[in-house]
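Visitor: My structure is below; once you've seen it, I'll send some questions.
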Amino acid sequence: MSDCIFCKIVNGDIPSSKVYEDDCVLAFNDINPQAKVHFLVIPKSHIGSVDEINESNSNVVSHIFTTIPKIAKKVGLTNGYRVITNCGQDGCQSVKHLHFHVLGGEQLSEKMA
Ligand code: DGP
């Protein structure tokens with residue numbers, strides 16, 4: 001998607017602080033961190049949100065969730081972390097490219113909403 005910020009990060013048109021990359025997944029530090037450690041994990045192929053996950057693209061989502069614990073270990077999240085994805089307007093999704101926030105590095109709030 002030519003007008004998608006995260007597709008531009010995948011393509012290298014916008015710089016990012018990468019924490020992990022493979023053939024189908026990219027993880028990079030959030031520009032506006034909400035915790036001591038806050039990175040985003042995205043599929044390289046454009047999926048708009050959780051609402052667009054289906055039988056034909058869910059393999060990359062599965063891959064993301066097997067990759068997150070490996071990245072978490074790599075960046076030192078040994079005491080737990082939180083994984084969040086915002087979806088659509090009510091979910092306050094600002095970037096319309098599926099992404100999973102991984103937050104940690106400190107005790108997080110019990111509140112999620
Ligand atoms: P969400 O509200 O769930 O759509 O979160 C989008 C996140 O993306 C938000 O925490 C800030 C982050 N973000 C937006 N633009 C950029 C960018 O250009 N670079 C990086 N590293 N993060 C970005």
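Visitor: What does the net charge come to around CYS7 if you take all other residues with beta carbon closer than 12 Å to its beta carbon, with K and R at +1 and D and E at -1?
Guide: Charge balance near CYS7 sits at +1.
Visitor: I'd like the FRET efficiency for GLU110 and GLN34, computed as 1/(1 + (r/R0)^6) with the beta carbon distance as r and R0 of 25 Å, rounded to 0.05.
Guide: Details: r = 15 Å, r/R0 = 0.60.
According to the calculation, E is roughly 0.95.
Visitor: Still on this structure, please answer the following. Would you mind working out the magnitude of the charge dipole of the chain relative to its Cα centre, with +1 at each Lys and Arg C-beta and -1 at each Asp and Glu C-beta, to the nearest 20 Debye?
Guide: Values: 10 positive and 12 negative charges, 88 e Å.
Rounded to the nearest 20 debye, it is 420 debye.
Visitor: Please report, largest first and rounded to whole Å, the three semi-axes of the ellipsoid equivalent to the chain, where each semi-axis is the square root of five times an eigenvalue of the C-alpha gyration tensor. List each step's numbers first, then the result.
Guide: Details: eigenvalues 88, 53, 43 Å².
Largest first, the chain gives 21, 16, 15 Å.
Visitor: Residue-wise, which Karplus ³J(HN,Hα) couplings in Hz belong to the range 105-113, taking 6.51 cos²θ - 1.76 cosθ + 1.60, θ = phi - 60°, and x for glycine or proline?
Guide: Those phi angles translate into x, 6, 5, 8, 5, 5, 6, 10, 9 Hz.
Visitor: Give me the extension gain from LYS73 to THR85: residue separation times 0.36 nm, minus the current Cα-Cα distance, reported in nm with one decimal. Walk me through the intermediate numbers first.
Guide: Numbers: separation 12, 0.36 × 12 = 4.32 nm, distance 2.02 nm.
2.3 nm is the gain from fully extending LYS73 to THR85.
Visitor: Show which lysines lie in cross-link reach of LYS8 when reach means a straight Cα distance below 22 angstrom and same-chain residues fewer than eight apart are skipped.
Guide: In chain and number order, the partners are LYS18, LYS44, LYS96.
Visitor: Helix 58-74 versus the longest principal axis of the chain: what angle, 0 to 90°, nearest 10, using Cα atoms?
Guide: That helix lies at roughly 30 degrees to the long axis.
Visitor: Then there is this: Out of residues 5 or more away from VAL19 or on other chains, whose amide H comes under 5 Å of its own, with H placed 1.01 Å from N in the peptide plane?
Guide: When sequence neighbours closer than 5 places are left aside, the close amide H contacts are ALA27, PHE28, ASN29.
Read the figures in this text as sums done on the coordinates, not as results from a lab. Fair warning: this is a prediction, and the values are worked out from it, not measured in the lab. Using ideal geometry, Cβ is built from the backbone for each residue, glycine included, and neighbour counts are taken over all protein chains shown.
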